[in-house]
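These notes concern the structure reproduced below.
Derivation of every value follows stated rules applied to the coordinates shown; laboratory data play no part. Quantities reported herein were computed from a predicted structural model and do not represent experimental measurements. Here the Cβ is made from the backbone with ideal geometry for all residues, glycine too, and neighbour counts use every protein chain on show.
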Amino acid sequence: MAQNSAEQGDPLDAFASIVSRASGTPMATAVVHPVNQNALEAALDAQTSGLIKAVLIGPEQRIRTVADEFSLDLAGTEIIDTPHSHAAAQTGVDLARAGKVQALMKGALHTNELMAAIVARNTGLRTDRRMSHVFVMQTPAYPKYLLISDGALNIAPDLHTKRWIVQNAIDVANAIGIDSPKTAILAATEEVDPHMPSTVDAAALCKMAERGQIIGGVLDGPLAFDLAVSKQAVKIKGLASDVAGDADILIVPNIEAGNMLAKQLDYLAGAAAAGLVVGARVPIILTSRSDSVTERLASCALAKCYLVWKASTS
């Protein structure tokens, strides 16, 4: 039986340029509730690679039991003992608020549990921006990195939220060295149709960019997926666009579209996927139980690149 693309492994040297760009002083990172092998190993791999300096937060005995069971070395790694995952999430947020860590990394807890502590109005990590998730994909099917947002955090974003989704994605692109990223606002058609709200939002976002409400990238939309990534489709359909056929960023209309698109590329097109939540006081590294070592390290490197970029533009 033939293997699917995901089972065949990530592309060779996936994210090598991002990992290289992230070299330097390790980033102090609160790893929230790393009480299973995947979560703990991901944090320790990133630490061994010099990307992060891990602060492990969770029930200390459970963490040590996992380390012993899977022969993971905890020597020199700080552990903050908390009774359960809720307390671990809040402790990680408190450390970030106090400036004691530069990033958060999800361990073995649900994303909504971690995000609940992060978005809490008076005790969380809110800024004047809306938080959003950005996938950075590398696939043999496309000649460069492809960013997708938002496929993990905002369920059915309104226009205000989409404005920040776009800006956050552009910022991440800038952080990994993509200047003026070509940003495609996806819909089912390239025509503005009042019966399809996603097309109206796309047109509004493009006008917002023209008026300086979104900066740092070039926008076009609405664009169907084929027009965003295929120069042949653009030629056949006769579309004039600075973005079409060569997009760096795909902005999806809702979480289902983004999640399905990223996972289809991962499992059917041999892609590797790094992911990051931005828009909070610190970047948030969301790793999945099914992520490869390459993807875990790339997500940490992505956070480091974003921090360095943000400091340089402040």
* Asked: What pairs in Lys106/Lys207; Lys53/Lys144; Lys100/Lys304; Lys144/Lys237; Lys162/Lys304; Lys53/Lys162 have C-alpha atoms more than 27 Å from each other?
  -> Lys106/Lys207; Lys53/Lys144; Lys53/Lys162
* **Charge-dipole axis of region 127-279 as Lys and Arg at +1 and Asp and Glu at -1 on Cβ define it, positive-most pick from Pro197, His133, Phe225** => His133
* Structure fact -> Projected onto the charge dipole of region 127-279 (unit charges on the beta-carbon of Lys, Arg, Asp and Glu, signs +1, +1, -1, -1), the Cα from His160, Leu276, Ala175 with the largest positive-side position is that of Ala175
* Structure fact -> Taking Cα atoms only, helix 85-97 is inclined relative to the longest principal axis of the chain by an angle, in degrees rounded to 10, of 70
* Structure fact -> Of Gly99, Gly76, Gly279, the most mobile residue in a GNM of the chain (C-alpha springs, cutoff 10 Å) is Gly76
* **Euclidean distance between Cα centres, region 242-293 to region 106-134, Å** => 18
* Structure fact -> Once both label points are put 7 Å beyond Cα along the C-beta direction, the Asp94-Gln213 separation in nm becomes 4.0
* Go through region 53-107 and name the trypsin sites (Lys or Arg not before Pro) that are in a DSSP coil and have 15 or fewer other Cβ atoms within 10 Å of their Cβ. => Lys100
* Packing-based exposure ordering (other Cβ within 10 Å, fewest first) of Ile52, Ile63, Ile79 -> Ile79, Ile63, Ile52
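Expressed as cubic angstrom per residue, what is the convex hull volume of the alpha carbon set of the chain? Write out the running numbers ahead of the final one.
On the way: hull volume 43.8 nm³, N = 314.
Output value, Cα hull per residue: 139 Å³.
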* Asked: How large is the dipole of region 127-279 about the Cα centre if only Lys and Arg carry +1 and Asp and Glu carry -1, each at its Cβ, rounded to the nearest 20 debye?
  -> 140
* To do: Between beta-carbons, use under 15 Å as the cut-off and find the net charge around Ala228, counting Lys and Arg +1, Asp and Glu -1.
  => -2
* In nm, give the distance between the simple-model label positions of Thr127 and Asp179, each being 7 Å from the Cα along the Cα-to-Cβ direction. => 2.3
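Which shape class applies to region 104-198: rounded if a/c is under 1.5, otherwise prolate when a/b exceeds b/c and oblate if not, where a ≥ b ≥ c are the square roots of the Cα gyration tensor eigenvalues?
Working: a/c = 1.87, a/b = 1.31, b/c = 1.43.
Oblate, because a/c is 1.5 or more while a/b does not exceed b/c.
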* For region 127-279, state the semi-axes of the equivalent ellipsoid (square roots of 5 times the eigenvalues of the alpha-carbon gyration tensor), sorted largest first and rounded to whole angstrom. => 19, 19, 15
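Go through region 230-314 and name the trypsin sites (Lys or Arg not before Pro) that are in a DSSP coil and have 12 or fewer other Cβ atoms within 10 Å of their Cβ.
Numbers: sites: Lys231, Lys235, Lys237, Lys263, Arg281, Arg289, Arg296, Lys304, Lys310; in loops: Arg281, Arg289.
Passing both the DSSP loop test and the Cβ count: Arg289.
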